[in-house]
1. Against the condition at pLDDT 95 or above and either away from the ligand (no atom under 16 Å from the Cβ) or not polar (S, T, N, Q) (or both), how does His105 come out, does it pass?
2. Within 16 Å of the ligand (Cβ to nearest atom), at pLDDT 95 or above and out of contact with any Pro (no Cβ under 9 Å at 6 or more places or on another chain), is that true of Val98?
3. Does Ala28 satisfy the criteria of being in contact (Cβ under 8 Å) with a residue 12 or more places away in the chain and over 30 Å from Gly158 (Cβ atoms)?
4. Within the stretch 130-160, which residues are more than 12 Å from the ligand (Cβ to nearest atom) and outside any loop (DSSP other than H, G, I, E, B)?
5. Give the residue that is nearest to the chain's Cα centre (by Cα), with candidates limited to residues of the stretch 183-227 that are assigned to a loop (DSSP other than H, G, I, E, B) and under 28 Å from Val152 (Cβ atoms).
6. What's the total number of residues in the stretch 21-52 that are in a loop (DSSP other than H, G, I, E, B) and either surrounded by 15 or more Cβ atoms within 10 Å (Cβ to Cβ) or of a type in the set (Lys, Arg) (or both)?
7. I'd like the residue in the stretch 108-129 that is of a type in the set (Gly, Ala, Ser) and more than 17 Å from Leu143 (Cβ to Cβ) and, out of all such residues, is nearest to the ligand (Cβ to nearest atom).
8. Looking at the stretch 59-95, which of its residues are out of contact with any strand residue (DSSP E or B) (no Cβ under 7 Å at 6 or more places or on another chain) and within 16 Å of the ligand (Cβ to nearest atom)?
Amino acid sequence: MHIDVFTLIPDTMQAYLDASILGKAQLAGLIGVELHNIRDYASDKHRTTDDEPYGGGGGMVMKPEPVFAAVESVLGEAMGSVPVIMLTPQGRVFTQQVSRELAEHPRLALICGRYEGIDERVREYLATDEISIGDYVLTGGELPALVLIDAVARQIPGVLGDQCASERDSHATGLLEHPHYTRPPEFRGWQVPEVLLSGAHARIAAWRREQSLLRTLHRRPELLRLAEITDEERKLLDDASRDSEGSSSA
Ligand code: ADE
């Protein structure tokens, strides 16, 4: 998987990409992330990348020419076959499902906006997709691009040491993940649940599944509508709901 990122502040992204799992994945050749400075593609003497909005109002708008020049020159012949994704709060909302969908592509291009926005012609005639990481507004698309790269990279076989780790993640199964513990078995009087110390793999798996179901019920009940749950598990959840209703009205 190769990802080209177009930004005005590439230095801000480099440290995160080079660290830990993403850094190792790049060294292993499993992913390649290339940062391109949009300013390098501005053609005027001052290398201008923004201008005042037509129609007035505050703030500056990113000019279309350097953005088109950057993406067209880097993608070249690949234009048309590579998704060109603009990070914007107006895009479709990023989820685990979207990260899986994007991980199927061999190459992605990400455009990070700054200022008040990007000239609308970039959205209309250059971008093929628009993604938002949530209903809040950031000062630019760089953090959203890092979020997207991180979540997509984890889907690529070999990126996580443990092949199955991304399949167990919160959201991957449609449920939130079970709690995790490590040594010591007692910390400040707080004990690790006994079952996890038992070495009984089937009991541990059953406990984790139950925790995962109950966590999802208590924190994100709306996820349960789409999750794959057995009849027995559905009954467990119904009982748990009734219990918590009973205790809250008591
Ligand atoms: N740029 C600014 N805010 C954003 C958001 N929430 N998602 C994607 N891009 C953005």
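1. In short, yes.
2. Yes, satisfied.
3. no
4. Ile149, Asp150, Ala151, Val152, Ala153
5. Filtering the stretch 183-227 for residues that are assigned to a loop (DSSP other than H, G, I, E, B) and under 28 Å from Val152 (Cβ atoms), the one nearest to the chain's Cα centre (by Cα) comes out as Arg220.
6. Of the residues in the stretch 21-52, 6 are in a loop (DSSP other than H, G, I, E, B) and either surrounded by 15 or more Cβ atoms within 10 Å (Cβ to Cβ) or of a type in the set (Lys, Arg) (or both).
7. This residue is Ala127.
8. Listed by number, the residues that qualify are Gly59, Thr95.
The values are calculated or read from the model by the stated rules, or taken from the named source; none is laboratory data. Just so it is clear, the model here is predicted, and its values are computed rather than measured. Please note: Cβ atoms are built from the backbone with ideal geometry, for glycine as well, and neighbour counts cover all protein chains shown.
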